[in-house]
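Everything below concerns the one structure shown next.
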Amino acid sequence: MSDKDLLDNIKTVFKRMSHAAMKAGRSPEEVTLVAVTKNVAGDVVRRAVEIGLRVFGENRVQEAKDKIALLKAGMPASPVTWHLIGHLQKNKARTAVELFDLIQSVDSVDLAEAINRHAAKEGKRQKILIQVKLSEEEAKHGVTKDNIDKLMDAVFNLENIETEGLMTIPPYFEDPEMSRPYFRQLCGIRDRYKGRGFDLPELSMGMSNDFAVAIEEGATMVRVGTAIFGERNAVKK
Ligand SMILES: *Cc1c(COP(=O)(O)O)cnc(C)c1O
């Protein structure tokens, strides 16, 4: 992909983000763009950093490890932060704690405890989001509504974990309006827990196809891959 295409895509995404925020009476600064770099080569990520992107999301620990090392080699005082947005297996918790500023995909008490243990060893307070599964057909991972209570109690009691909010991945729809009820639900869950003393300021929701709707519904982080880096890695079905 050419430098110009990359720059144009990034500008377009920011423009659409601002527009959606203003439409909802929100400030554009309330929403962070997490640029999703899975399947994107390290040199392209570096160009995105040069253009000015600062927050990146990866969904696999190993791929992220290689990419982060490559980028660090080029810029030792890297201004960049990394989020894990894909499912995390317990046996990779240690590497995830070493690599990521925010783990967006915590969906079980076991995983939270593993992260807490490794964070304690690292002398780190690991920021996390709770990934919530709102429907049967959506991604396999995420805590179900029935189990959120238990997980919320657990994470707020773990010393080396800082729970910043909630994340969800609705089923894929052509029409982004179809995602709106899911985004509303996540926002509702956040509000309900707030009433019970659990502060969850961050809502990570919305991807290339539906981030504008997500921002209208209160997203504070949108995870955008294809709209920035193009379709070239999409698996055609
Ligand atoms: C790939 C991915 C995204 C980005 O999806 P696009 O449709 O390419 O923007 C967002 N969130 C998660 C969890 C992903 O795996």
Single condition N209 does not satisfy, out of (1) near the ligand (Cβ under 10 Å from one of its atoms); (2) loosely packed, with under 13 Cβ neighbours inside 10 Å
(2)
What single numbered condition from (1) surrounded by fewer than 17 Cβ atoms within 10 Å (Cβ to Cβ); (2) aromatic (F, W, Y); (3) within 11 Å of the ligand (Cβ to nearest atom) fails to hold for F173?
(3)
In the set G57, G86, the lone residue that is assigned to a loop (DSSP other than H, G, I, E, B), buried (at least 17 other Cβ atoms within 10 Å of the Cβ) and either at pLDDT below 95 or small (G, A, S) (or both) is G86
With in contact (Cβ under 8 Å) with a residue 24 or more places away in the chain, farther than 24 Å from R16 by Cα, basic (K, R) and away from the ligand (no atom under 12 Å from the Cβ) as the only criterion, which of R180, R190 stands out?
R190
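Among T220, T168, which is the only one that is within 16 Å of the ligand (Cβ to nearest atom), touching a helix residue (DSSP H, G or I) at 6+ places or on another chain (Cβ under 7 Å) and under 17 Å from V143 (Cα atoms)? Give the steps one after another, and end with the answer.
Working: T220 fails: under 17 Å from V143 (Cα atoms).
Sole residue among the options that is within 16 Å of the ligand (Cβ to nearest atom), touching a helix residue (DSSP H, G or I) at 6+ places or on another chain (Cβ under 7 Å) and under 17 Å from V143 (Cα atoms): T168.
Name every residue in region 23-52 that is under 17 Å from V222 (Cα atoms), part of a loop (DSSP other than H, G, I, E, B) and away from the ligand (no atom under 14 Å from the Cβ), in order of residue number.
Our first condition is that a residue be under 17 Å from V222 (Cα atoms); within region 23-52, this holds for 23-24, 26-38, 48, 52.
So of that shortlist, the ones also part of a loop (DSSP other than H, G, I, E, B) come out as 24, 26-27, 31, 37-38, 52.
Those that are under 17 Å from V222 (Cα atoms), part of a loop (DSSP other than H, G, I, E, B) and away from the ligand (no atom under 14 Å from the Cβ): A24, R26, S27, V31, G52.
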With criteria (1) within 14 Å of the chain's Cα centre (by Cα); (2) within 16 Å of the ligand (Cβ to nearest atom); (3) farther than 21 Å from D43 by Cβ, R60 comes up short on (3)
Quickly run through region 127-165 and pick out the residues that are among the polar types (S, T, N, Q) and either touching a helix residue (DSSP H, G or I) at 6+ places or on another chain (Cβ under 7 Å) or surrounded by fewer than 21 Cβ atoms within 10 Å (Cβ to Cβ) (or both).
S135, T144, N147, N157, N160, T163
Residue by residue through region 15-38, note down the ones that are within 18 Å of the chain's Cα centre (by Cα) and surrounded by fewer than 16 Cβ atoms within 10 Å (Cβ to Cβ).
P28, E29, E30
Which of the residues that make up region 165-182 are within 16 Å of H87 (Cα to Cα) and of a type in the set (S, T, N, Q)?
T168
Part of a strand (DSSP E or B) and under 27 Å from V13 (Cα atoms): is that true of I128 in this structure?
yes
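Tell me the residue from A96, A69 that is within 16 Å of the ligand (Cβ to nearest atom), part of a helix (DSSP H, G or I) and of a type in the set (G, A, S), please. So that I can check it myself, show each step before the final result.
On the way: A69 fails: within 16 Å of the ligand (Cβ to nearest atom).
The match here is A96.
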For region 127-137, check the following and say yes or no: at least one residue is away from the ligand (no atom under 16 Å from the Cβ), within 17 Å of the chain's Cα centre (by Cα) and either closer than 15 Å to A214 by Cα or not acidic (D, E) (or both).
yes
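The values are calculated or read from the model by the stated rules, or taken from the named source; none is laboratory data. Keep in mind that this is a model prediction, so the values were computed, not measured. Note: ideal-geometry Cβ built from the backbone for every residue, glycine included; neighbour counts use all protein chains shown.
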